[in-house]
Ligand code: DGL
């Protein structure tokens, strides 16, 4: 099976990492829209337009499935992408919601959702979780984490200051939804900030579980061929891929 993975930039490589670890696919074609990142501060129509242009890009490859690794795109553009595709399209929001429901035992559990401004404004995580019955949900846009991860600031005083700024009034959560592809890179620092109490919901791990359940992917591939494309500075993206994925 050949799949496409789409993200607004390099962040989706955190999802590719999970896909590679679980050896689910024979070939992965990755496209990061590095020329136009971040999507998380754009409006709905722009996000949809960019997402449909990405679909056009993937039409050049004979893919069976497109994984939208970007939470922001998953929150706003999945229906439109499905309509314009001749392949199946899955996003990361639904798998993240299912993973959260599976790990929490009580509907009283404290849930913290963090993501870009656009993802949080969409309520794409919060609404279905409230409909499921969870009552203690805090949603917080933490957009500053995105450029920090891009800068390689996975810990240290700048990240600590940003965490204090965003989390100062927040009770220690039972689960934290990392509702942005960049945040798995700072998962350890966030976990430490909350005294290692919270279960982290990671888009990559959540989508692997979802795909294994919904797509009958029994076969494990010894090696996965990965191709990386970017709308700007593809070499930069390939270097990040080498570092994050240890290629
Ligand atoms: N990839 C985006 C997401 O997961 C984060 C970066 C952006 O704002 O484009 O929401």
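Values computed for the structure shown
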read-out: 0 to 90° range, to nearest 10: angle between helix 93-103 axis and the chain longest Cα axis; value: 50 degrees
read-out: Estimated [θ] at 222 nm from DSSP helical runs (n ≥ 4, -39500 (n - 2.57)) normalised by residues in the chain, nearest 500; value: -12500 deg cm²/dmol
read-out: Global geometry of the range 67-176, whether rounded, prolate or oblate, following the gyration tensor of its Cα atoms and the 1.5 cut on a/c; value: oblate
read-out: Per-peptide average of other Cβ atoms within 10 Å, ordering 218-227, 118-127 highest first; value: 118-127, 218-227
read-out: The range 109-247, relative contact order [Cα under 8 Å, separation at least 6], %; value: 23 percent
read-out: Extension gain from residue 86 to residue 101, taking 0.36 nm per residue of separation minus the Cα-Cα distance; value: 2.3 nm
read-out: Ascending count of other beta-carbon atoms within 10 Å, so fewest first, for 228, 167; value: 167, 228
read-out: Taking the chain and dividing mean pair separation by its residue count, relative contact order in percent (alpha carbons under 8 Å, at least six apart); value: 29 percent
read-out: Span per principal axis, largest first, for the Cα atoms of the chain (Å); value: 48, 39, 37
read-out: Spin-label pair residue 23/residue 235, simplified geometry with 7 Å Cα→Cβ offset, distance in nm; value: 3.5 nm
read-out: Pairwise centroid distance, computed over Cα atoms, of the range 147-206 with the range 29-82, Å; value: 24 Å
read-out: Ascending count of other beta-carbon atoms within 10 Å, so fewest first, for 180, 70; value: 180, 70
read-out: Cα long-axis angle, helix 234-245 against the chain (0 to 90 degrees, to the nearest 10); value: 60 degrees
read-out: Approximate spin-label separation residue 217-residue 136, in nm, with each point projected 7 Å along Cα-to-Cβ; value: 3.4 nm
read-out: Fully extended contour minus Cα-Cα distance, from residue 1 to residue 49, at 0.36 nm per residue; value: 14.6 nm
read-out: Degrees between helix 203-214 axis and first principal axis of the chain (Cα, 0 to 90, nearest 10); value: 60 degrees
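Read the figures in this text as sums done on the coordinates, not as results from a lab. Remember, predicted model here, so these are calculated numbers, not experimental data. Cβ coordinates were reconstructed from backbone atoms using ideal geometry, including for glycine residues, and neighbour counts include every protein chain displayed.
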